[in-house]
Amino acid sequence: MAEKKMKRTFGSLQPQIDDILDWNNLPENAFDPATSQERENFIQDRKSVSYWKDAWRRLRKNKVAMVAMFIIILIAIFAFVGPLVVPYGYDQQIRGAENLDPWHYSLEDQEKLAEAQMTPDEAVEQARAEAEANGETLSRVEEAKIRAAAKANSGNSDVDSLRKELGIHAKLGGYSNAELQAKANGEDVFPHLFGTDKFGRDIMVRTMMGARVSMIVGVCAAVLVLIIGALYGSISGYFGGKVDAVMQRIVELIYSIPEVLVILLLSATLKEGLSEFQNSGDGILQNLVTILGPNLISMFIAFGLLYWVTMSRIIRGQILQLKQQEYVTAARALGAKGGRIIKRHLLPNCVGQIVTTTFLQIPSAIFLESFLSFLGVGVSAPLTSLGSMCSDALGGLSTYPYRLFIPAIILSVMILSLNLFGDGLRDALDPRLKK
């Protein structure tokens, strides 16, 4: 009869003797030398991966972040390359092309243009065909008149007489006088894909310039935040003590100041001084001040004064953790100064948080600039912005709703894509999220 296996009593700390005795029942080849194939499979040589390569590998797995990055690249191409392709300027007013709808170049327009550019022989042949269809015949005198009119209205002829002779009134298929003259001369005319506003300015080019202004403002604000916030936060966190206490009280004071109020006060204060500076000469700085205007310059100053506090607190928290590490103690023992330790040891180990926080400041700055431009205290005319375009479109919302929808959609997609990509970038650069 087989031996009955002893059961363990509930709560007993006595080990199972039978299980321990089974440990000696090893296979016969347990201590045989490992084969070459087993040794190769046991230790595998893997290629060393750097911090940035590992972050890029993790970022590529985030499909939402990759789609957002692709959209950001498309918007950047639209904003910076698009104006170089379209022949119109963002402040160019085309007379006779006011309030045109999008895609106004239809097949009917092309047929009318083809009729408007007929040669004298083609005009006579068409007149004969129309006369025969009506049961009439053209005399030689009538043919001569038609031929003379076609000759007089071909090439560089007067556009108004061309329209009158061909029975075309007002705007020919949505073309302005200048565009019709260019067509009559055989020149190519780029269509108004987004239509035109009440001044005859191309909406697509203005949208491109508005997106460009928003992206430039966002990037410049992020650079200011990076420089000031990283420097201030690293100094506060490294020295600690009374220095840290005083610097953080300043940060808390800045947190309580509203950005919009500061921008409005700076704009009102600097407006007179900037106007005098513009009239003082014709140099590069004067032209730059004229293009930007006092509102945009005040916005950059406000970014430098207020927007870096979030970055400084994040960097301070990282420095407080890193300065207790052994490599910092070793560098201090070797005689390294505080500035060198911050520059060579502490800030490089905060690069993930620095990049992520800097990138997430871009959509915040773009939204603030668009909001102020919508209120009329942003960019100065004739320079345009997505916010100012939305503000101008409110007056004709019931008649021309696309003038509001186009810049609003582009602005919304831009901010959403930047935020989504920033979140993906944060997940990719955070070492604590490695799997």
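The values are calculated or read from the model by the stated rules, or taken from the named source; none is laboratory data. If you're wondering where the values come from, they're calculated on a predicted model, not measured in any experiment. A quick note on method: Cβ atoms are made from the backbone with ideal geometry, for glycine too, and the neighbour counts reach across all protein chains shown. Just so you know, the surface numbers come from the protein's heavy atoms only, side chains and all, with ligands and any DNA or RNA stripped out. Shrake-Rupley method; radii C 1.70, N 1.55, O 1.52, S 1.80 Å.
Points to keep in mind about this one:
- Here residue 396 clears all of (1) within 18 Å of residue 216 (Cβ to Cβ); (2) more than 18 Å from the chain's Cα centre (by Cα); (3) surrounded by fewer than 17 Cβ atoms within 10 Å (Cβ to Cβ) except the condition numbered (1).
- First in the stretch 122-141 and exposed (fewer than 13 other Cβ atoms within 10 Å of the Cβ), second anywhere and not hydroxyl-bearing (Ser, Thr, Tyr), Cβ under 7 Å, 6 or more apart: 137/131
- In summary, helices (runs of 4 or more DSSP H) completely within the stretch 203-318 and bearing 2 or more residues that are closer than 30 Å to residue 346 by Cβ and of a type in the set (Val, Ile, Thr) occur at 203-239, 241-255.
- Elements of the type helices (runs of 4 or more DSSP H) sitting completely within the stretch 33-102 and holding at least 3 residues that are open to solvent by 50 Å² or more (accessible area, probe 1.4 Å) and out of contact with any His (no Cβ under 8 Å at 6 or more places or on another chain): these cover 36-42, 51-61, 63-80.
- Against the conditions (1) open to solvent by less than 50 Å² (accessible area, probe 1.4 Å); (2) at pLDDT 80 or above, residue 281 satisfies every one except (2).
- Restricting attention to the stretch 378-393, the residues that are surrounded by fewer than 24 Cβ atoms within 10 Å (Cβ to Cβ), closer than 15 Å to residue 297 by Cα and not polar (S, T, N, Q) add up to 2.
- Going through (1) at pLDDT 85 or above; (2) surrounded by 20 or more Cβ atoms within 10 Å (Cβ to Cβ); (3) under 27 Å from the mean Cα position of the chain (by Cα) one by one, residue 319 falls short only on (3).
- Residue list for the stretch 420-435, filter: open to solvent by less than 60 Å² (accessible area, probe 1.4 Å) and within 20 Å of the chain's Cα centre (by Cα): 421, 422, 423, 424, 425
To keep it simple, each residue is scored yes or no on (1) in contact (Cβ under 8 Å) with a residue 60 or more places away in the chain; (2) under 20 Å from residue 305 (Cβ atoms); (3) open to solvent by 40 Å² or more (accessible area, probe 1.4 Å).
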site: 240; (1), (2), (3): yes, no, no
site: 249; (1), (2), (3): no, yes, yes
site: 252; (1), (2), (3): no, yes, yes
site: 261; (1), (2), (3): no, yes, yes
site: 264; (1), (2), (3): yes, yes, yes
site: 290; (1), (2), (3): no, no, yes
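- Listed conditions (1) among the hydrophobic types (A, V, I, L, M, F, W, C); (2) open to solvent by 70 Å² or more (accessible area, probe 1.4 Å); (3) modelled with pLDDT of 85 or more are all met by residue 375, apart from (3).
- Test for residue 357: is it open to solvent by 50 Å² or more (accessible area, probe 1.4 Å) and in contact with a Ser or Thr (Cβ under 8 Å, 6 or more places away or on another chain): no
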